[in-house]
Amino acid sequence: MHSIELLLDQASDAAVRAEWRLLSEAGLPSQGDHAGTSNAPHVTLVARPGLDPAADPRLLALSAALPLPAELGGLLLFGAPPRGLVLVRPLVVTRELLALHADVHEGLGGAGDAPHTTPGRWTPHVTLASRLTPDQVARAVDALAAGGAPATRAVTLSALRRWDPGTKTVVPLGPPTG
């Protein structure tokens, strides 16, 4: 799926990557296991089978709303066995975050969003690990607690990007500098 994503500032990114490392060091699946250069902690705003790059200038303009302070909440699970569970930190929803989400959708036009990114059904989050068994979830919670991961975490959402899975490239969409 093509996506529009919010990236974290350097300090917030490092904090999430530290949680990824705690999971890996405990012998558990982690988003940190993905070696691609585009792998970064992020919040998906939109996921669609395709995105028109012609919308990039409109999205670049929307990035003026950034940086945006936010808070990652406690641990949450998506999915179900046998496919596996996904361990995430949900983003505490604010008016500003919902407005940005709606503006991005309006800026893209069209339809075809993945249900979990549709306005009114969106669950903003940062993924920590995928394809976990119930036993691994318990071990992951223990590893994060033992490693000192806080129950909640203040973060800053600092930039937008577009992910193109066909070319495996990211296109930065701001915020504008200067």
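The values are calculated or read from the model by the stated rules, or taken from the named source; none is laboratory data. Here the structure is a predicted model, which is why all the values come from computation and not from measurement. Here the Cβ is made from the backbone with ideal geometry for all residues, glycine too, and neighbour counts use every protein chain on show. All accessible areas refer to the heavy atoms of the entire protein, side chains included, with ligands and DNA or RNA removed. Shrake-Rupley method; radii C 1.70, N 1.55, O 1.52, S 1.80 Å.
Scanning the range 107-119 for residues that are under 22 Å from GLY84 (Cβ atoms) and in contact (Cβ under 8 Å) with a residue 40 or more places away in the chain gives ALA114, HIS116, THR117.
With THR117, THR152 as the choices, which residue is polar (S, T, N, Q), modelled with pLDDT of 90 or more and surrounded by fewer than 19 Cβ atoms within 10 Å (Cβ to Cβ)? Give the derivation first.
Values: THR117 fails: surrounded by fewer than 19 Cβ atoms within 10 Å (Cβ to Cβ).
Matching residue, one of THR117, THR152: THR152.
Test GLY174 against the criterion of being within 19 Å of the chain's Cα centre (by Cα), surrounded by 14 or more Cβ atoms within 10 Å (Cβ to Cβ) and at positive phi, and give yes or no. Reasoning before the result, please.
Details: within 19 Å of the chain's Cα centre (by Cα): yes; surrounded by 14 or more Cβ atoms within 10 Å (Cβ to Cβ): yes; at positive phi: yes.
Yes: the conditions hold for GLY174.
Here are some residues: SER24, SER3. Which one is part of a helix (DSSP H, G or I) and within 30 Å of THR133 (Cβ to Cβ)? Full working, then the answer.
Numbers: SER3 fails: part of a helix (DSSP H, G or I).
When all the criteria are applied, what remains is SER24.
Among LEU76, LEU45, LEU22, LEU87, which is the only one that is under 24 Å from PRO119 (Cβ atoms) and touching a helix residue (DSSP H, G or I) at 6+ places or on another chain (Cβ under 7 Å)?
Every option except LEU45 fails the conditions.
In the range 17-45, of all residues being at pLDDT below 95 and either touching a Phe, Trp or Tyr at 6+ places or on another chain (Cβ under 9 Å) or of a type in the set (Ser, Thr, Tyr) (or both), the one that is surrounded by the fewest Cβ atoms within 10 Å (Cβ to Cβ) corresponds to THR37.
Pick from PRO69, PRO29, PRO57, PRO53: which is farther than 20 Å from ARG161 by Cα and out of contact with any Gly (no Cβ under 8 Å at 6 or more places or on another chain)?
When all the criteria are applied, what remains is PRO29.
Taken as a whole, the condition of being in contact (Cβ under 8 Å) with a residue 24 or more places away in the chain and at negative phi applies to GLU19. Annotation note: of ARG95, ARG48, ARG89, ARG83, the sole residue that is over 27 Å from LEU108 (Cα atoms) and either touching a His at 6+ places or on another chain (Cβ under 7 Å) or among the charged types (D, E, K, R) (or both) is ARG83.
Close Cβ contacts (under 9 Å, 6 or more residues apart or on different chains) running from residues in the range 120-134 that are in contact (Cβ under 8 Å) with a residue 12 or more places away in the chain and farther than 23 Å from LEU100 by Cα to residues that are among the aromatic types (Phe, Trp, Tyr) and open to solvent by less than 30 Å² (accessible area, probe 1.4 Å) comprise LEU128/TRP20; ALA129/TRP20.
In the set VAL46, VAL93, VAL104, VAL88, only one residue is in contact with a Pro (Cβ under 7 Å, 6 or more places away or on another chain), in contact (Cβ under 8 Å) with a residue 12 or more places away in the chain and β-branched (Val, Ile, Thr); that residue is VAL93.
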